[in-house]
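The values are calculated or read from the model by the stated rules, or taken from the named source; none is laboratory data. Quick caveat: nothing in here was measured; it's all calculated off a predicted structure. Cβ coordinates were reconstructed from backbone atoms using ideal geometry, including for glycine residues, and neighbour counts include every protein chain displayed. Calculation scope for accessible area: heavy atoms of the full protein, side chains included, ligands and nucleic acids excluded. Shrake-Rupley method; radii C 1.70, N 1.55, O 1.52, S 1.80 Å.
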Amino acid sequence: MDNYKAIIDLDDEYTSIGSNMEEVQKLDLSEFWCGNRSERRLGFIGKNFRRLEIRFISAIKNQEKTGQYFIYGKSKVADNICSFQGILEIKESHYLKTLENPEGNTGILAGEYTFYEDPKTKHSGIFQGRFVTYWYKDKEGTIRYNDLWDVSAMYNNNQFAGTWTGYNKENTMTANWGDSRIPQSGDLDVGSSEFGPNEKYYPYGWKSFANRMEGKAEPEPSAWWKD
């Protein structure tokens, strides 16, 4: 897991106690990234941590290449919405042993992604990077998206970290997102019990988000990604 340590954020110290890639490759895990019940996806783009919204609309397992999933979704920065499609590929999967789960019935999978935004849309480009997703085994031995601690203060999952590069190739920016927390988010996140944006970044799309958190504004449209 050396290539992914920078984006792994677990409460406990962890140790890999064995790979289960063969098991994972036989499964269809598309619901991990598309429509899981704990999805609360937050993101940023650029040096000023401008708010980035990401929605995976569909995830389809590639039946011809193990570990690959075809992803279709949409991104939103301010009022600019772009559709994108591409590949998410699992490279590793491990059972983990932690202080909280010494039995090793939890784990982590990790990989890489490349998503291409519609070039006909303004301000479009390519997302590329690495990701980690946490899972657990239920009593029946089924691997599930790990939302066991989704009410805890530091809960996070589906941590995506990489770059966005415009099709003109003259503009490359950091672009990270995740469920409940954002990986490598610097001083953007100053929340304790849950994600909370730093006031210094309110001008970059976070003021309305903060107002809604505090009940000072109407809830955001729940389906901006729908046609």
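Which one is nearest to Ser16 (Cα to Cα), of the residues in the stretch 137-153 that are part of a loop (DSSP other than H, G, I, E, B) and under 15 Å from the mean Cα position of the chain (by Cα)? Restricting to residues being part of a loop (DSSP other than H, G, I, E, B) and under 15 Å from the mean Cα position of the chain (by Cα), the top hit is Asn146.
Within the bounds of the stretch 155-166, is there any residue that is of a type in the set (A, V, I, L, M, F, W, C), touching a helix residue (DSSP H, G or I) at 6+ places or on another chain (Cβ under 7 Å) and modelled with pLDDT of 95 or more? So far as the stretch 155-166 goes, yes, one or more of its residues are of a type in the set (A, V, I, L, M, F, W, C), touching a helix residue (DSSP H, G or I) at 6+ places or on another chain (Cβ under 7 Å) and modelled with pLDDT of 95 or more. Check whether at least one residue in the stretch 24-35 is under 18 Å from Gly162 (Cα atoms) and surrounded by fewer than 18 Cβ atoms within 10 Å (Cβ to Cβ), and report yes or no. No, the stretch 24-35 has no match at all. Within the stretch 142-167, the set of residues being of a type outside the set (A, V, I, L, M, F, W, C) and free of Cβ contacts under 8 Å to residues at least 12 places away in the same chain comprises Thr142, Arg144. The residues listed here are Arg51, Arg55; of these, the one that is charged (D, E, K, R) and open to solvent by less than 30 Å² (accessible area, probe 1.4 Å) is Arg51.
Give the stretch 167-191 a look and list any residue that's over 13 Å from Ile7 (Cα atoms) and in a loop (DSSP other than H, G, I, E, B), or say none. Correct list: Tyr167, Asn168, Lys169, Glu170, Asn171, Ser180, Asp187, Leu188, Val190, Gly191.
Of the residues Ile81, Ile108, which single one is of a type in the set (Val, Ile, Thr), under 28 Å from Lys26 (Cα atoms) and either open to solvent by 50 Å² or more (accessible area, probe 1.4 Å) or touching a His at 6+ places or on another chain (Cβ under 8 Å) (or both)?
Answer to the selection: Ile108.
Note on the stretch 2-23: residues that are open to solvent by less than 60 Å² (accessible area, probe 1.4 Å) and either without any contact (Cβ under 8 Å) to a residue 24 or more places away in the chain or under 21 Å from the mean Cα position of the chain (by Cα) (or both) total 6. Scanning the stretch 15-41 for residues that are in contact with a strand residue (DSSP E or B) (Cβ under 6 Å, 6 or more places away or on another chain), outside any strand (DSSP E or B) and of a type in the set (Ser, Thr, Tyr) gives a single hit, Ser30. Looking across the stretch 58-77 at every residue that is among the hydroxyl-bearing types (Ser, Thr, Tyr) and in contact with a strand residue (DSSP E or B) (Cβ under 6 Å, 6 or more places away or on another chain), the one that is surrounded by the fewest Cβ atoms within 10 Å (Cβ to Cβ) is identified as Ser58.
Restricting to the stretch 192-215, what's the tally of residues that are loosely packed, with under 14 Cβ neighbours inside 10 Å and either in a loop (DSSP other than H, G, I, E, B) or modelled with pLDDT of 90 or more (or both)?
Let us first name the residues in the stretch 192-215 that are loosely packed, with under 14 Cβ neighbours inside 10 Å, namely 192-193, 199-200, 203, 211-212, 214-215.
With the extra rule that they be either in a loop (DSSP other than H, G, I, E, B) or modelled with pLDDT of 90 or more (or both), the set shrinks to 192-193, 199-200, 203, 214-215.
Residues meeting the conditions: 7.
In the set (1) within 10 Å of the chain's Cα centre (by Cα); (2) under 21 Å from Ile87 (Cβ atoms); (3) of a type in the set (Lys, Arg), Arg181 fails one condition alone, (2).
Scanning the stretch 126-136 for residues that are in contact (Cβ under 8 Å) with a residue 40 or more places away in the chain and over 12 Å from the mean Cα position of the chain (by Cα) returns Ile126, Phe127, Trp135.
So which residues in the stretch 117-136 are buried (at least 18 other Cβ atoms within 10 Å of the Cβ) and under 15 Å from Gly107 (Cβ atoms)? Before the answer, list the steps.
So the first thing to find is which residues in the stretch 117-136 are buried (at least 18 other Cβ atoms within 10 Å of the Cβ), and the list is 117, 124-127, 129-135.
Result: Phe131, Val132, Thr133, Tyr134, Trp135.
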